[in-house]
Amino acid sequence: MGVQRLARCLRRGRRGAGQAPCLLALVLLALPVASDQSPRVVPARIPTPHADTPDAELSGRQIYERVLANRFDAFLQKSRLISGDRGGNTQTTRFDMWFQDFRNSAADALEGELVSKTLIRYTHPFDLRYTAYLIVNNLDAPSDQFLYIASERRTKRINLRGEAVFGSDFSFEDVLPREIEDATYERLPDVDHDGAACFAIRATPRPNQRSEYSHFLVYIEKRRAVPLLTRYWDERGVEVKELRVEREWIEDHEGVWVPMRMTMKHLKHDSFTTFEVDEIEARARLDRDDFDLRRLESH
């Protein structure tokens, strides 16, 4: 899919079988990259929220807080996206991603407005190479989102909310990071899923989120606080999608459990998009300059 077609898809929010998505990696903002540098001292595992509370007494919100706690403040990542349809057609896209959570940064604590920044740049296919995105998440304001179109050598402000991710089975709502305040959480009876004991949570987006979903159901592995299955219902109450994480693809990277592969399936279109992590570098040393708008245009 060429850059011009990519830009048209963004404006129209259209779907097309076999087209490649770009921001799916944001589903994994807990992610960290195996580096060739000298070995690091592996830190202790990140403290589990409400660790002293018995599992039976945890509320739905407390359980979901455990999920959100399983993430790094900063990381670099190389990933690929494989999109497929019912006809057996597939297409692969590769990209690099830089992520920094600034809330724990002393240098940014005084401002108190910036939450995180994410920079994503295509590396494959060739006609999308260097096309890039910058997403700035703010505390009490909508996020700022920018697209750099390499063929035109220009950057423009865009609005990703409510758009499909370039014909994939993910919407941008699926891939943009969630915060605990975005929804209400109801704990359901525990379940066994894929051979693992799981919490079951029904999350209902708050009205101010203007979500495309009426609710979603999440099965969360108790031991590692990783969602193994997420099922999505639209505003009409019809189940439309499901996101699956294979347990054997969850790895421990410096105290964080990282799903190295996950697949979103669209139940109506019988299509899928698989996200795979090729390399991850945990706790990368990043600063604001790495996310400057000019960085989008540097090849």
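Highest mean first, how do 194-202, 71-79, 113-121 rank when packing is the count of other Cβ atoms within 10 Å averaged over residues? Intermediate values should be presented prior to the final figure.
Numbers: 194-202: 16.8, 71-79: 21.8, 113-121: 20.0.
Answer by packing, highest mean first, reads 71-79, 113-121, 194-202.
So, for segment 144-299, what is the accessible surface per residue at a probe of 1.4 Å, expressed in square angstrom? Present the calculation step by step, with values, prior to reporting the outcome.
On the way: 7470 Å² over 156 residues.
Heavy-atom SASA per residue in segment 144-299 reads 48 Å².
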With the Cα gyration tensor of segment 227-299 giving a ≥ b ≥ c as the square roots of its eigenvalues, does the rule (a/c under 1.5 for rounded; else a/b larger than b/c for prolate; else oblate) give rounded, prolate or oblate? oblate
Expected output is a single nm value to one decimal: the length gained when fully extending between D289 and D52, i.e. 0.36 nm times separation in residues minus the C-alpha distance. What is it? 81.3 nm
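Which shape class applies to segment 61-159: rounded if a/c is under 1.5, otherwise prolate when a/b exceeds b/c and oblate if not, where a ≥ b ≥ c are the square roots of the Cα gyration tensor eigenvalues? Show your work: numbers first, answer last.
Numbers: a/c = 2.31, a/b = 1.46, b/c = 1.59.
Oblate.
Quick one: if the Förster radius is 35 Å, what FRET efficiency do D127 and V191 give, using the C-beta to C-beta distance and rounding to 0.05?
Values: r = 44 Å, r/R0 = 1.27.
The calculated FRET efficiency here is 0.20.
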Could you run the Karplus curve 6.51 cos²θ - 1.76 cosθ + 1.60 with θ = phi - 60° over segment 84-94 and give me ³J(HN,Hα) per residue in whole Hz, x for Gly and Pro? x, 10, 5, x, x, 7, 9, 8, 10, 10, 10
Which three semi-axes in whole Å describe the equivalent ellipsoid of segment 156-299, each the square root of 5 times a Cα gyration tensor eigenvalue, listed largest first? 27, 22, 16
Let me know the Rg and Dmax you get for segment 165-242 when you use only its Cα atoms, in Å. 12.9, 37
Over 28 Å (Cα to Cα) - which of K117/K268; K156/K265; K78/K156 fall in this group: K117/K268; K156/K265
Order of 123-129, 50-56 by packing, highest average Cβ count within 10 Å first? 123-129, 50-56
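The values are calculated or read from the model by the stated rules, or taken from the named source; none is laboratory data. Source: prediction; values computed, not measured. For neighbour counting, all protein chains shown are included, and Cβ atoms are generated from backbone atoms with ideal geometry for every residue, glycine included. Just the protein is used for accessible areas: all its heavy atoms, side chains included, with ligands, DNA and RNA removed. Shrake-Rupley method; radii C 1.70, N 1.55, O 1.52, S 1.80 Å.
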